[in-house]
Amino acid sequence: MTDEATRSRNDEAEPEAEADEPVLDETSAAEPASDETELQCAVRERAEFLANWQRAKADYQNLRRRQVTDIEAAVRRELTPVLDGILGVLDNLELALRTECTSTDAKNLMVGVKMTRDQMTAMLAQNQVTPIATEGEFDPNLHQAVATIPTADHEPGQVLEVVRNGWMFRDQVLRPANVKVSTAPDAPDAHGAEEA
């Protein structure tokens, strides 16, 4: 009987203890803790949501840019060996066209070789593979000097002759142009420097 009496006393005592604690109703929980009005709270939340949305939008745009860059790099990696092979064939066609022809059959064959070269060049241009300009001043970003020629007829650093054409793929150097470059007539020659 004492157990039941103790239990009933505890049950009666608990509501009194709870009455000492502050009671929070649902409306007071939704209100801000500071002196912020409902409008100020809504404006602050709107600014937070807007900032989060702008961050998410910027992250998404950065992800898309990075994906485009990665895809272009992968395409370039895969196409470079194929384009190098095509450029090798094109180089051989250029060499064939430099050969002197005397007979009628050879001249007719040369017309076919020229047509093939022009068709390959047009196909490369359609795929954004374009030749590097070789006139004017030597540019180490686009040209590779394979020889220097001392001359008084041209200023030093001018491209005099193209040994092998260079090519760009989508505004990046696929293969630099091999060129011969002019130097001043009194410039020391590499062979002369070795003999001295």
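Things worth noting here:
- Rounded to the nearest Hz, the phi-derived 3J(HN,Hα) couplings of the stretch 83-88 under the Karplus curve 6.51 cos²θ - 1.76 cosθ + 1.60 (θ = phi - 60°) are 5, 4, x, 5, 5, x, where x marks glycine and proline.
- Within the straight-line cut-off of under 30 Å between alpha carbons, the lysines reachable from Lys180 are Lys107, Lys114, sequence neighbours fewer than 8 places apart in one chain being disregarded.
- Amide H to amide H distances under 5 Å link Leu174 with Trp167, Met168, Phe169, where only residues 5 or more positions off or on other chains count and H is placed in the peptide plane.
- Couplings 3J(HN,Hα) for the stretch 91-102, derived from phi with the Karplus relation 6.51 cos²θ - 1.76 cosθ + 1.60 (θ = phi - 60°), are 4, 5, 5, 4, 4, 5, 6, 7, 6, 7, 10, 10 Hz, where x marks Gly and Pro.
- Global geometry of the stretch 70-178, whether rounded, prolate or oblate, following the gyration tensor of its Cα atoms and the 1.5 cut on a/c: oblate
- Under 12 Å, Cβ to Cβ, from Thr134 - net charge with Lys/Arg +1 and Asp/Glu -1: -2
- A simple count of charges around Lys107, restricted to other residues whose Cβ falls under 13 Å of its Cβ and scoring Lys, Arg +1 and Asp, Glu -1, yields -1.
- Under 5 Å, built H, 5+ apart or other chain: amide partners of Val163: Asn178, Val179, Lys180
- The stretch 162-175 - phi-based ³J(HN,Hα) in whole Hz, Karplus 6.51/-1.76/1.60, Gly and Pro as x: 9, 8, 9, 5, x, 9, 10, 10, 6, 6, 10, 5, 8, 8
We did not get these values from a lab; they are worked out from the coordinates using the rules stated. None of these values were measured; they are calculated from a predicted model. Glycine gets a Cβ as well: all are built from the backbone with ideal geometry, and neighbour counts include every protein chain shown.
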